[in-house]
Amino acid sequence: MRLLLDTHILLWALEDGTRLTAEMRRQLQDRANDVLFSAASVWEIAIKTMLGRADFGVQPQEIVEAARETGFMELPVSAAAAARVSELPQFHRDPFDRLLIAQAITEPARLYTADRLLRRYSELVTVMA
């Protein structure tokens, strides 16, 4: 299975695994799964770190390196996914989350998130909180 991690799940997986459910940890460790992190999440981390957000107190390059060392695979933002954002209903206004949803639908991949609002977009969204 292909698993796309939203930004918070990515950070928790790399920095504080105790915030993940046991099922989420099992899914991340299952070698049958391809665990993906999006360039959109790295962009979100960069912007929010630059803005001084306390919950994003990490350098984006460190996250990229840690994700790769863990065996996670980078998912670039494709033009198809970027275009798909315009077709999504306005359930959620966060541009980063909307792009992650579009990527999950376009790829396809199951999006793991802690944001319950995202569940309305697709059966590909799994809330892990």
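The values are calculated or read from the model by the stated rules, or taken from the named source; none is laboratory data. The structure displayed is predicted, hence computed values, not measured ones. All Cβ positions, even for glycine, are placed from backbone atoms using ideal geometry, and neighbour counts span all protein chains on display. Remember, those area values only see protein heavy atoms, side chains included, never the ligands or the DNA or RNA. Shrake-Rupley method; radii C 1.70, N 1.55, O 1.52, S 1.80 Å.
Please name all residue pairs, on different chains or six or more residues apart, with Cβ atoms under 6 Å, provided the first residue is in segment 82-108 and is touching a residue at least 12 places away in the same chain (Cβ under 8 Å) and part of a loop (DSSP other than H, G, I, E, B) and the second residue is open to solvent by less than 60 Å² (accessible area, probe 1.4 Å) and charged (D, E, K, R).
L88/R98
If F91 passes every condition in (1) farther than 27 Å from A22 by Cβ; (2) touching a strand residue (DSSP E or B) at 6+ places or on another chain (Cβ under 8 Å); (3) aromatic (F, W, Y) but one, which one does it miss?
If we test F91 against (1) farther than 27 Å from A22 by Cβ; (2) touching a strand residue (DSSP E or B) at 6+ places or on another chain (Cβ under 8 Å); (3) aromatic (F, W, Y), just (2) comes out false.
State yes or no: is E69 loosely packed, with under 14 Cβ neighbours inside 10 Å, over 18 Å from L111 (Cα atoms) and of a type in the set (D, E, K, R)? Walk me through it before giving the result.
Working: loosely packed, with under 14 Cβ neighbours inside 10 Å: yes; over 18 Å from L111 (Cα atoms): yes; of a type in the set (D, E, K, R): yes.
Yes; evaluated as a whole, the condition is true for this residue.
For segment 1-53: of the residues being in a helix (DSSP H, G or I) and of a type in the set (K, R), which is surrounded by the fewest Cβ atoms within 10 Å (Cβ to Cβ)?
Initially, segment 1-53 is screened for residues in a helix (DSSP H, G or I), giving 7-15, 17-19, 22-29, 39-50.
Pick out the ones that are also of a type in the set (K, R) and you get 19, 25-26, 48.
On the way: R19: 15, R25: 14, R26: 11, K48: 18.
Checked segment 1-53; the qualifying residue surrounded by the fewest Cβ atoms within 10 Å (Cβ to Cβ) is R26.
Considering only segment 74-81, I want to know if a residue exists there that is under 19 Å from E123 (Cβ atoms) and either within 16 Å of the chain's Cα centre (by Cα) or open to solvent by 60 Å² or more (accessible area, probe 1.4 Å) (or both).
Within segment 74-81 (the criterion being under 19 Å from E123 (Cβ atoms) and either within 16 Å of the chain's Cα centre (by Cα) or open to solvent by 60 Å² or more (accessible area, probe 1.4 Å) (or both)), the answer is yes, since at least one residue qualifies.
For residues in segment 102-129 being more than 21 Å from R19 (Cα to Cα) and either modelled with pLDDT under 95 or of a type in the set (D, E) (or both), which is surrounded by the fewest Cβ atoms within 10 Å (Cβ to Cβ)? Spell out the reasoning first.
First, pick out the residues of segment 102-129 that are more than 21 Å from R19 (Cα to Cα): 102-109, 120-124.
With the extra rule that they be either modelled with pLDDT under 95 or of a type in the set (D, E) (or both), the set shrinks to 107, 120-124.
Numbers: E107: 18, R120: 11, Y121: 20, S122: 15, E123: 7, L124: 17.
Out of the qualifying residues, it is E123.
What number of residues within segment 82-101 satisfy the criterion of being over 13 Å from S41 (Cα atoms) and either touching a Lys or Arg at 6+ places or on another chain (Cβ under 7 Å) or surrounded by fewer than 17 Cβ atoms within 10 Å (Cβ to Cβ) (or both)?
11
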